[in-house]
């Protein structure tokens, strides 16, 4: 089966083609420069840019994969969660192509795309505790098999990536905040500032208190403190994510921990989680960084797995900006 998928849940326009489990083509048009001037994503700007980029990317992936769109076996798109005005662009294009060529359509949950990305190209989804950490979501999930998921904990306020963005703004850094804080943290002392780790005895996540702590800390500081603040913020977020991922794996007797989402590109998080898993005799698995940020390859992979299990969607199915992981 050859699958073409679109991902337009937020501010990246992405299109990919998968032949079976093999990636034939993948293109992403980033809008970071467009939204950086506003300090965050502007939904109207994002949707307008999706309309500009999507046709160009469709042509590009078809040429790269050396295939005519009419030869595609099924079309897929992210149906949620995300920005409604963005989701409807990718979903409408995929539905139109499916109807026009008389092929199956699959509506894919963006979170499930992230969840499955560490297994990209494989045929089996092994039981694991998955940590999804991104700008909009932070959650831990017990994965028993494809389609059998149990949410262990979720963010009750700011997600990890959202906290990075908001704290970066307080520090006068650029958008997105995660890479900016990581860049400065390399030269900093993560032990200089004792920042809070909220909800230590809960499976849920909370990073709003960390943002508030930094807000009240900054007026008290003088001199060169940027690198140390960044390192301390990074350490606080990484510490919480690792502790809760390991605790969930132990509680549910799972020997594999996976991580995905944009925050999982953070090198300190990857390194320390890998080390923590080794200490606790757990296997650690993650996707390549390019698969962790928003992309259509992970959506296509989820679609392939679902097609192999006989699943498809109705083209009348609506997008859902608040779509939950079921």
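The values are calculated or read from the model by the stated rules, or taken from the named source; none is laboratory data. Only a predicted model underlies this, so the values are computations on that prediction, with no experimental measurement involved. Quick reminder, even Gly has a Cβ in these numbers, built from the backbone with ideal geometry, and neighbours come from all protein chains shown.
Miscellaneous remarks
- The sole residue among 133, 76 that is assigned by TED's automatic domain parsing to the domain that holds residue 257 and either crowded, with 18+ Cβ neighbours inside 10 Å or touching a helix residue (DSSP H, G or I) at 6+ places or on another chain (Cβ under 9 Å) (or both) is 133.
- Qualifying residue in the stretch 184-202 (condition: part of a helix (DSSP H, G or I) and modelled with pLDDT of 95 or more): yes
- Elements of type helices (runs of 4 or more DSSP H) in the stretch 221-303, at least 2 residues being within 15 Å of the chain's Cα centre (by Cα) and over 20 Å from residue 112 (Cβ atoms): 267-279
- Residue count for the stretch 18-38 under the criterion of being surrounded by 14 or more Cβ atoms within 10 Å (Cβ to Cβ) and part of a strand (DSSP E or B): the result is 10.
- Only one of the listed residues (41, 15) is in contact with a helix residue (DSSP H, G or I) (Cβ under 8 Å, 6 or more places away or on another chain), farther than 14 Å from residue 297 by Cβ and surrounded by 20 or more Cβ atoms within 10 Å (Cβ to Cβ). That residue is 41.
- You will find that of 258, 316, 268, the residue that is free of Cβ contacts under 8 Å to residues at least 12 places away in the same chain and either loosely packed, with under 14 Cβ neighbours inside 10 Å or outside the structural domain of residue 28 (by TED's automatic domain parsing) (or both) is 316 and no other.
- Qualifying residue in the stretch 208-217 (condition: under 27 Å from residue 129 (Cβ atoms), surrounded by fewer than 19 Cβ atoms within 10 Å (Cβ to Cβ) and either touching a helix residue (DSSP H, G or I) at 6+ places or on another chain (Cβ under 8 Å) or free of Cβ contacts under 8 Å to residues at least 12 places away in the same chain (or both)): yes
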